[in-house]
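Okay, so here's the structure we're looking at.
The values are calculated or read from the model by the stated rules, or taken from the named source; none is laboratory data. Please read all numbers here as calculations on a predicted model, not as lab measurements. Cβ: placed from backbone, ideal geometry, glycine included. Neighbour counts: every protein chain shown. With ligands, DNA and RNA removed, areas are computed over all heavy atoms of the protein, side chains included. Shrake-Rupley method; radii C 1.70, N 1.55, O 1.52, S 1.80 Å.
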There are 2 protein chains.
Amino acid sequence: MDGPGKGLGEGGERLHYWVFGGPWTYETEPRGEPIGEDAAWLNEAIAKIGAVVGGRKTYEASGRWGGKNPWGLPFFIVTHRPEEEPEGGAFTFVSGVREAIERARDAAGDKDVHVMGGADVIRQALEAGLVDELTIIVAPVTLGVGKRLFEGFSTSLELEHLGVRQSPLATFIDYRVKRP
Amino acid sequence: MDGPGKGLGEGGERLHYWVFGGPWTYETEPRGEPIGEDAAWLNEAIAKIGAVVGGRKTYEASGRWGGKNPWGLPFFIVTHRPEEEPEGGAFTFVSGVREAIERARDAAGDKDVHVMGGADVIRQALEAGLVDELTIIVAPVTLGVGKRLFEGFSTSLELEHLGVRQSPLATFIDYRVKRP
């Protein structure tokens, strides 16, 4: 289970070793920088992003990112309770995935909108046909019973390979989502 | 659902386009040969294999491979009813995963044992600590509600990358399974 203090679930730090250049723990907090293929993928991705969409559970599981927008970009949080948006403008609360993506698209200008997750928001965006590209990042580990990206997903998607990279810490598979 | 005449499930031909160099259907049967990175991965894998283990459901879903051993290698089928082994010696029926792997190891000599699946046999082999290497082959498609390799799997596995390949039809991620 994920939650405040363990945003990626029990033992889930391993899933993001690639983000920080190696092992870290929730207790000590990550300090390192990504390296090699990890950095290459991340830098390419970040350079294209103009706005971000995330889910309320992810927001809460992260400890609300300590009240600071971690992206430094317009960041839209999908929630059933948009009236709970905190003051200060770090996060914009929006009541649905479609609306969040539309507002993020406006905010992103010429750049891309990044749907960071959680899984439920990603599934809704895919099912609504709002996704152009999908990257599956696989860490070399299985964690207990796990948590499924495609839980309850019943849409058949045709994908096309855009490329693959691998570091010791992760495999990145980039897909284009084909439209029917 | 899989079953005779649709061994990979509804629409599941796509999962094995890479095996036959492109599209095929259950109706017309596959005729092509693998090409490029698909052929490279398959040829390397096949060269190392000395015996094969498969599950009874996979055997039945394939239509019992028409009574002919498709591997041309000692082939052990895991089943609760080993007394149902057909005559002719094409397949050896064995009552458990561990026993099947032990017998396959003896038959393989210096070569590797390949656990082809189904998913249940792969999970049992992983949970029993009998697997040295694991390859995840991902076709660029999501198929309806899907069928999960790690359904009910609760073992945490530490893996190490051995390599990755990609063709237009599949991504191959080769892992070594680390022992505790």
Q) Name the residues in the range A:111-139 that are among the acidic types (D, E) and out of contact with any strand residue (DSSP E or B) (no Cβ under 7 Å at 6 or more places or on another chain), would you? A) A:E127
Q: Scan the range B:106-130 and report the pairs whose first residue is touching a residue at least 24 places away in the same chain (Cβ under 8 Å) and whose second residue is hydroxyl-bearing (S, T, Y) and open to solvent by less than 50 Å² (accessible area, probe 1.4 Å), with Cβ atoms within less than 6 Å and a gap of 6+ or a chain change.
A: B:G117/B:T58; B:G118/B:T58; B:E127/B:T155
Q. Given the conditions (1) of a type in the set (A, V, I, L, M, F, W, C); (2) assigned to a loop (DSSP other than H, G, I, E, B); (3) surrounded by fewer than 16 Cβ atoms within 10 Å (Cβ to Cβ), and given that A:I136 satisfies all but one, which numbered condition is not satisfied?
A. (2)
**Q.** Test for A:R81: is it away from every other protein chain (no Cβ under 12 Å), under 23 Å from B:G12 (Cβ atoms) and among the charged types (D, E, K, R)
**A.** no
Q: Among the residues of the range B:121-130, write down those that are open to solvent by 70 Å² or more (accessible area, probe 1.4 Å) and within 12 Å of chain A (Cβ to nearest Cβ).
A: B:E127
Q: Spot the failing condition for A:I77; the list is (1) open to solvent by less than 40 Å² (accessible area, probe 1.4 Å); (2) within 26 Å of A:S156 (Cα to Cα), and only one is missed.
A: (2)
Q.
Take the residues in the range A:167-177 that are buried (at least 22 other Cβ atoms within 10 Å of the Cβ) and within 7 Å of chain B (Cβ to nearest Cβ); name whichever of them is farthest from A:W24 (Cα to Cα).
A. A:Y175
Q.
What's the total number of residues in the range B:1-18 that are touching a helix residue (DSSP H, G or I) at 6+ places or on another chain (Cβ under 7 Å), open to solvent by 30 Å² or more (accessible area, probe 1.4 Å) and either in a helix (DSSP H, G or I) or free of Cβ contacts under 8 Å to residues at least 60 places away in the same chain (or both)?
A. 4
Q: Could you list, in sequence order, all residues of the range B:42-64 that are outside any helix (DSSP H, G or I) and open to solvent by less than 20 Å² (accessible area, probe 1.4 Å)?
A: B:I49, B:G50, B:A51, B:V52, B:V53, B:G54, B:G55
Q. Just for the range B:81-120: of the residues that are in contact with a helix residue (DSSP H, G or I) (Cβ under 6 Å, 6 or more places away or on another chain) and aliphatic (A, V, I, L, M), which one is surrounded by the fewest Cβ atoms within 10 Å (Cβ to Cβ)?
A. B:V94
Q) Looking at the range B:131-162, which of the residues that are more than 7 Å from chain A (Cβ to nearest Cβ) and touching a residue at least 60 places away in the same chain (Cβ under 8 Å) is farthest from A:E158 (Cα to Cα)? A) B:T135
Q) What are the residues in the range A:40-86 that are under 20 Å from A:R123 (Cβ atoms) and of a type outside the set (A, V, I, L, M, F, W, C), if any? A) A:G54, A:G55, A:R56, A:K57, A:T58, A:Y59, A:E60, A:S62, A:T79, A:H80
Q: Working carefully through the options B:P23, B:P70, find the one that is open to solvent by 40 Å² or more (accessible area, probe 1.4 Å), under 20 Å from B:T171 (Cβ atoms) and of a type outside the set (F, W, Y).
A: B:P23
Q | Residue list for the range B:76-126, filter: in a loop (DSSP other than H, G, I, E, B) and not charged (D, E, K, R) | A | B:T79, B:H80, B:P86, B:G88, B:G89, B:A90, B:F91, B:S95, B:G96, B:G109, B:G118
Q) Which condition does A:E29 not pass, out of (1) open to solvent by 30 Å² or more (accessible area, probe 1.4 Å); (2) at negative phi, if it passes all the others? A) (2)
Q.
Any residue at all in the range A:56-65 that's among the β-branched types (V, I, T), touching a residue at least 60 places away in the same chain (Cβ under 8 Å) and farther than 23 Å from A:R176 by Cα?
A. yes
